[in-house]
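> Let me give you the structure first, and then I'll get to my questions.
The values are calculated or read from the model by the stated rules, or taken from the named source; none is laboratory data. Keep in mind that what you see is a predicted model, and the values were worked out from it rather than measured. Counting neighbours? That spans all protein chains shown, and the Cβs are built from the backbone with ideal geometry, glycine included.
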Amino acid sequence: MIKTGKEHLESLRDGRVVFIGDERIEDVTTHPAFRRAAKTVAGLYDLKHQRENREILTFQEENQTHSMWFLQAKNQDDLRKRMAAHKLIADQTCGMMGRSMDHVSSFVTGMSTNPSIFDTEKHKFSENILNYYKYMKENDIFATYAVLPPQAARNPEFYQKKNLPIPTLMVTGQDAEGVTISGMKMLATSAVFCNDIWIGNLLPLAPDQVKQAITCAVPCNSKGITMWMRQPISLNAENQFDAPLTWNMDETDVLVMCDNVKVPWEKVFVLDDAVLAREIYIKTPGHCYGNHQSNVRFWSKMELITGLASKVTQATGADQVPAVRETLGRLAALEATLSGIIHGQIEAAESWPEGFSTFNRRMMYAALNWCTENHSHIIDLLRELCGGGVFQMPASISVMHDKDLRKNFEEYFQTPQMNAPDRMKLFRLAWDVVGSEFAGRQQQYEKFYAGASFIIRNHSFREAPWEDLDGVVDNLMSKYDIPEPGIKEAAAE
Ligand SMILES: Cc1cc2nc3c(=O)[nH]c(=O)nc-3n(C[C@H](O)[C@H](O)[C@H](O)COP(=O)(O)OP(=O)(O)OC[C@H]3O[C@@H](n4cnc5c(N)ncnc54)[C@H](O)[C@@H]3O)c2cc1C
């Protein structure tokens with residue numbers, strides 16, 4: 001089934017516990033910090049119900065309609081369908097909402113194509129992952145994940161000395177019904193708009209961290225779950241004109257606190273296995289499907305940034321300057337490069353796992369690395385093109401409501417290329433991409449959402465065919481050796 005936006009919003013009124021500071025939020029769909037972004041999320045759900053999008057965003061299976069991100073790809077054509085669906089979703093927010101409903105669902109779908117890895121001597125959880133995939137697909141579930149320990153967890157001795165529990169999430173009990181978990185996990189983007197939180201470990205755990213090696217899914221309204229919201233950004237906006245992205249695209253990030261949360265066995269996927277806790281992502285296409293979505297999402301953002309650079313330079317008249325054109329050409333080349341790496345993942349798709357097709361993993365990780373490495377620089381290119389134009393504007397478009405101010409604004413703030421309100425509209429959008437608090441959060445997100453840069457590069461290191469690459473060097477060097485005496489003369493002849 002495919003949900004409507006209204007149905008999804010209704011599903012969020014479920015008694016979940018969300019705090020902004022000491023304020024307990026009663027309803028995330030109506031609270032000023034969340035309601036506009038919630039509407040944006042609802043809009044993404046409604047998209048599937050529009051006839052022109054149905055073919056891109058949904059597929060049929062046993063007479064049921066499902067969201068495209070639940071498609072298990074059997075061939076390159078299926079991978080193309082997945083990519084097109086991610087692109088359409090990402091385009092709605094110009095890539096500003098990273099954890100849209102097609103992200104974690106892609107992880108789970110990828111995992112569902114290789115379920116046997118969830119079976120070990122100790123636990124048989126392959127049925128659980130298949131059933132969870134089915135549950136998500138059939139109920140059009142929006143899940144986020146919290147798969148990183150809090151930074152404080154790196155110093156367990158500090159807590160042990162004080163006789164305090166180590167703050168990271170771990171299993172604290174187990175009985176016939178399931179397991180009990182307590183502790184904290186960071187950082188669940190979009191959780192306030194989600195149905196479920198996937199809890200896991202994307203970083204390697206030490207063998208003695210078995211109690212932290214729990215992977216499970218919990219509904220956001222589970223008893224014992226508290227979501228601590230970072231400072232909301234959307235409250236900074238008075239209207240959409242002055243802060244177009246801040247207005248309705250703060251996807252939110254929360255710390256997930258668990259206090260004796262009961263997880264039934266059927267929602268447990270890994271238990272007491274520090275190695276498997278991480279391998280489920282990389283020995284199945286889970287990580288690849290999910291981060292392909294991230295690549296595509298960044299591509300939408302890259303299109304916005306490149307378009308903005310062009311429009312801003314048109315507005316200032318700098319677009320005719322050769323050096324500025326060069327910068328625009330560079331941005332266009334960067335955008336096309338990313339598009340190429342994304343399409344390449346399909347052209348060089350892997351026949352893996354058996355019976356399925358997966359995006360080329362090395363190219364997916366290359367794109368992930370490319371995005372993480374280049375985002376700040378790309379934003380800086382746009383920042384430089386904006387000059388001081390972003391501040392040569394009144395504080396608010398409300399000047400248009402006062403007759404005298406409006407006259408002055410329209411006369412003095414226009415340029416030969418653009419009237420004053422249009423120019424202000426463009427520069428306010430540019431500021432939300434390069435400089436506002438919304439932009440700052442995006443900067444942090446692009447650096448860290450998939451882990452710190454050394455972790456991302458480590459994926460590329462792991463997947464590289466070092467034998468082949470070393471072999472190229474060996475092969476070349478095998479063609480020559482220590483020269484015989486007199487060879488110099490021979491060469492000279
Ligand atoms: C906006 C935002 C949204 C996020 N959303 C989610 C989400 O939805 N789900 C989720 O699970 N997580 C999410 N995260 C968390 C994210 O995965 C982590 O922030 C990320 O893994 C980095 O971990 P950390 O914050 O502990 O930083 P650290 O690992 O402490 O890194 C901080 C700095 O120290 C450096 N560093 C640390 N250790 C080493 C080392 N051994 N070698 C070299 N350099 C090192 C890093 O390179 C980095 O520059 C989000 C983060 C942000 C900022």
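> Which condition breaks for ASN475 when tested against (1) closer than 30 Å to ARG361 by Cα; (2) within 16 Å of the ligand (Cβ to nearest atom); (3) among the polar types (S, T, N, Q)?
(2)
> In segment 178-196, which residue that is small (Gly, Ala, Ser) and within 10 Å of the ligand (Cβ to nearest atom) is surrounded by the most Cβ atoms within 10 Å (Cβ to Cβ)? It would help to see each step written out before you state the result.
Initially, segment 178-196 is screened for residues small (Gly, Ala, Ser), giving 178, 182-183, 188, 190-191.
If we keep only those that are within 10 Å of the ligand (Cβ to nearest atom) as well, we get 188, 190-191.
On the way: ALA188: 26, SER190: 24, ALA191: 29.
Going through the qualifying residues, I end up with ALA191.
> I've got another one for you. List pairs: first residue in segment 85-105 and assigned to a helix (DSSP H, G or I), second residue within 14 Å of the ligand (Cβ to nearest atom) and polar (S, T, N, Q) anywhere in the structure, Cβ distance under 6 angstrom, at least six positions apart or on different chains.
Taking only residues 6 or more apart or on different chains, the pairs are HIS86/GLN293; ILE89/SER100; VAL104/THR144.
> Could you tell me whether any residue of segment 255-271 is under 30 Å from SER398 (Cα atoms) and not hydrophobic (A, V, I, L, M, F, W, C)? Before you say what the answer is, go through the steps one by one.
Filtering segment 255-271 down to residues under 30 Å from SER398 (Cα atoms) leaves none.
Checked segment 255-271: no residue is under 30 Å from SER398 (Cα atoms) and not hydrophobic (A, V, I, L, M, F, W, C).
> Look through segment 364-401, keep the residues that are over 31 Å from the mean Cα position of the chain (by Cα) and polar (S, T, N, Q), and return whichever of them is farthest from TRP431 (Cα to Cα).
So, considering only residues that are over 31 Å from the mean Cα position of the chain (by Cα) and polar (S, T, N, Q), the one farthest from TRP431 (Cα to Cα) is SER398.
> For GLU411, which of the numbered conditions (1) assigned to a helix (DSSP H, G or I); (2) among the acidic types (Asp, Glu); (3) under 30 Å from ALA73 (Cβ atoms) fails to hold?
Only one criterion in (1) assigned to a helix (DSSP H, G or I); (2) among the acidic types (Asp, Glu); (3) under 30 Å from ALA73 (Cβ atoms) is unmet by GLU411, namely (3).
> Also, quick follow-up: Has segment 479-493 got at least one residue that is exposed (fewer than 12 other Cβ atoms within 10 Å of the Cβ), within 31 Å of the chain's Cα centre (by Cα), more than 16 Å from the ligand (Cβ to nearest atom) and of a type outside the set (A, V, I, L, M, F, W, C)? If you could, list the steps in order and put the result at the bottom.
Our first condition is that a residue be exposed (fewer than 12 other Cβ atoms within 10 Å of the Cβ); within segment 479-493, this holds for 479-493.
Those left that are additionally within 31 Å of the chain's Cα centre (by Cα): none.
The answer is no, given that none of the residues of segment 479-493 is exposed (fewer than 12 other Cβ atoms within 10 Å of the Cβ), within 31 Å of the chain's Cα centre (by Cα), more than 16 Å from the ligand (Cβ to nearest atom) and of a type outside the set (A, V, I, L, M, F, W, C).
> Please pick out the residue among GLU410, GLU354 that is farther than 24 Å from ARG82 by Cβ, among the acidic types (Asp, Glu) and surrounded by fewer than 18 Cβ atoms within 10 Å (Cβ to Cβ). Give the steps one after another, and end with the answer.
On the way: GLU354 fails: farther than 24 Å from ARG82 by Cβ.
Among GLU410, GLU354, only GLU410 is farther than 24 Å from ARG82 by Cβ, among the acidic types (Asp, Glu) and surrounded by fewer than 18 Cβ atoms within 10 Å (Cβ to Cβ).
> Select from segment 148-166 the residues that are within 14 Å of the ligand (Cβ to nearest atom), surrounded by fewer than 20 Cβ atoms within 10 Å (Cβ to Cβ), assigned to a loop (DSSP other than H, G, I, E, B) and modelled with pLDDT of 80 or more and list them in ascending order.
Of everything in segment 148-166, just one residue is within 14 Å of the ligand (Cβ to nearest atom), surrounded by fewer than 20 Cβ atoms within 10 Å (Cβ to Cβ), assigned to a loop (DSSP other than H, G, I, E, B) and modelled with pLDDT of 80 or more, namely PRO150.
> Can you pull out every residue in segment 163-188 that is out of contact with any Ser or Thr (no Cβ under 9 Å at 6 or more places or on another chain) and among the polar types (S, T, N, Q)? Talk me through it step by step, then tell me what you get.
In the first step, residues of segment 163-188 are kept if they are out of contact with any Ser or Thr (no Cβ under 9 Å at 6 or more places or on another chain); the result is 163-164, 166-168, 175-178, 186-187.
Hits for segment 163-188 are ASN163, THR168.
> In segment 29-66, how many are part of a loop (DSSP other than H, G, I, E, B), hydroxyl-bearing (Ser, Thr, Tyr) and crowded, with 16+ Cβ neighbours inside 10 Å? Break it down into steps so the answer makes sense when it comes.
Taking segment 29-66 and keeping what is part of a loop (DSSP other than H, G, I, E, B), we get 29-34, 48-50, 62-63.
If we keep only those that are hydroxyl-bearing (Ser, Thr, Tyr) as well, we get 29-30.
Subset that is crowded, with 16+ Cβ neighbours inside 10 Å: 29.
Within segment 29-66, residues that are part of a loop (DSSP other than H, G, I, E, B), hydroxyl-bearing (Ser, Thr, Tyr) and crowded, with 16+ Cβ neighbours inside 10 Å number 1.
> Right, something else. If you check every pair at least six apart or on different chains, which have Cβ atoms under 9 Å apart with a residue in segment 428-448 that is more than 21 Å from PHE413 (Cβ to Cβ) first and a residue that is near the ligand (Cβ under 8 Å from one of its atoms) and not β-branched (Val, Ile, Thr) second?
ARG441/ASP253; GLN442/GLY98; TYR445/GLY98; TYR445/ASP253; GLU446/GLY98; LYS447/SER453; PHE448/LEU187
> Follow-up. (1) closer than 21 Å to GLN231 by Cβ; (2) under 22 Å from the mean Cα position of the chain (by Cα): which one isn't true of GLU23, the others all being true?
With (1) closer than 21 Å to GLN231 by Cβ; (2) under 22 Å from the mean Cα position of the chain (by Cα) applied to GLU23, the lone miss is (2).
> Could you check, for segment 415-432, whether at least one of its residues is surrounded by 15 or more Cβ atoms within 10 Å (Cβ to Cβ), in a helix (DSSP H, G or I), within 21 Å of the chain's Cα centre (by Cα) and not aliphatic (A, V, I, L, M)?
Checked segment 415-432: at least one residue is surrounded by 15 or more Cβ atoms within 10 Å (Cβ to Cβ), in a helix (DSSP H, G or I), within 21 Å of the chain's Cα centre (by Cα) and not aliphatic (A, V, I, L, M).
> Does ILE129 qualify as being away from the ligand (no atom under 12 Å from the Cβ), assigned to a loop (DSSP other than H, G, I, E, B) and under 22 Å from the mean Cα position of the chain (by Cα)?
Working: away from the ligand (no atom under 12 Å from the Cβ): yes; assigned to a loop (DSSP other than H, G, I, E, B): no; under 22 Å from the mean Cα position of the chain (by Cα): yes.
For ILE129, the condition - away from the ligand (no atom under 12 Å from the Cβ), assigned to a loop (DSSP other than H, G, I, E, B) and under 22 Å from the mean Cα position of the chain (by Cα) - is not met.
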